[in-house]
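K.L.:
Please see the structure below; I have some questions.
Values quoted throughout were computed directly from the atomic coordinates according to the rules given, and no laboratory measurement underlies them. Just so it is clear, the model here is predicted, and its values are computed rather than measured. Ideal geometry is used to build each Cβ from the backbone, glycine not excepted, and the neighbour counts take in all protein chains shown.
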Amino acid sequence: MHYSGPRIRLEESWAFDYDGITKMTAAARNSMPDNAAKMSSAPACAYLEELQATLEREIPMCTQMGIRVHDGGANGLVMRLPLTPNRNHQQTAFAGSLNALCTIAGWGSVYLLLRELDRGGAIVIRRSAIKYQEPVTATEIYARCNPVSAEARQYFLEMLDDKGQAKLELTVEVAGSDGPAVSFSGSYVVLPTGARS
């Protein structure tokens, strides 16, 4: 099955929160981490809402930890996590919470790519590696999954259509004082729906 509907075009900035999708002012846009990407069109915004609902329904620990969709667009998917329920005895972010946040950012990126391509499947993580390079102390922690290259995207699509499954290598970062505080890499696999890894 090939998707022949409209493609996502980036024109305006949108943010997703408990109150829903809102169009952002330039000031609000500039306060986001790394001048986070622009998002447009009703379908693209709906995909972010759908992703949040899916995480709450299918991965309940996201709700318990406070993991939320923050932004999506050309610069990648940004997920956020509050420090308070995810802190350790040092009053910094707990390493396991940071790992979960990064894992979910990658999972969510694959989910959005499947939606954009009008494909389905069961998303699993095959392997991952994480480096904690400095303590994370921000009250709101943001993890950005870097965008997939055009070549990797095309290969992913070809494998998915030809073999019924495909893999994608993704990187996620949590910004630090001078470079990434956390660097994560994950190999995600899309299996036919109903398949077990």
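K.L.:
Are any of the residues in the stretch 86-97 within 23 Å of Glu169 (Cβ to Cβ) and aliphatic (A, V, I, L, M)?
P.N.:
The answer is yes; a qualifying residue exists.
K.L.:
Tyr142: crowded, with 17+ Cβ neighbours inside 10 Å and in contact with a His (Cβ under 8 Å, 6 or more places away or on another chain), yes or no? Step through it out loud before you land on a result.
P.N.:
Numbers: crowded, with 17+ Cβ neighbours inside 10 Å: yes; in contact with a His (Cβ under 8 Å, 6 or more places away or on another chain): yes.
Answer is yes for this residue.
K.L.:
For a quick check of your reading of the model, give me the residue pairs whose first member lies in the stretch 48-77 and is without any contact (Cβ under 8 Å) to a residue 24 or more places away in the chain, whose second is surrounded by 22 or more Cβ atoms within 10 Å (Cβ to Cβ) and assigned to a helix (DSSP H, G or I), with beta-carbon atoms closer than 7 Å and at least 6 apart or on different chains.
P.N.:
From residues that are without any contact (Cβ under 8 Å) to a residue 24 or more places away in the chain, the pairs are Glu56/Cys62.
K.L.:
In addition: When you go through Gly106, Gly72, Gly76, Gly121 one by one, which is the residue that is on the phi > 0 side of the Ramachandran plot, buried (at least 17 other Cβ atoms within 10 Å of the Cβ) and within 16 Å of the chain's Cα centre (by Cα)? Let's see the steps before the verdict.
P.N.:
Values: Gly106 fails: on the phi > 0 side of the Ramachandran plot; Gly72 fails: on the phi > 0 side of the Ramachandran plot; Gly121 fails: within 16 Å of the chain's Cα centre (by Cα).
Exactly one of Gly106, Gly72, Gly76, Gly121 is on the phi > 0 side of the Ramachandran plot, buried (at least 17 other Cβ atoms within 10 Å of the Cβ) and within 16 Å of the chain's Cα centre (by Cα), namely Gly76.
K.L.:
Shifting gears a bit: Which of the residues spanning the stretch 79-95 are out of contact with any His (no Cβ under 8 Å at 6 or more places or on another chain), surrounded by 13 or more Cβ atoms within 10 Å (Cβ to Cβ) and touching a residue at least 24 places away in the same chain (Cβ under 8 Å)?
P.N.:
Within the stretch 79-95, Leu81, Pro82, Leu83, Asn86, Thr92, Ala93, Ala95 qualify.
K.L.:
A further question follows. Filter the stretch 124-155 down to the residues that are of a type in the set (Gly, Ala, Ser), within 18 Å of the chain's Cα centre (by Cα) and part of a loop (DSSP other than H, G, I, E, B) and list them by number. It would help to see each step written out before you state the result.
P.N.:
In the first step, residues of the stretch 124-155 are kept if they are of a type in the set (Gly, Ala, Ser); the result is 128-129, 138, 143, 149-150, 152.
With within 18 Å of the chain's Cα centre (by Cα) added as a condition, the list becomes 128-129, 143, 149-150, 152.
Matches in the stretch 124-155: Ser149 only.
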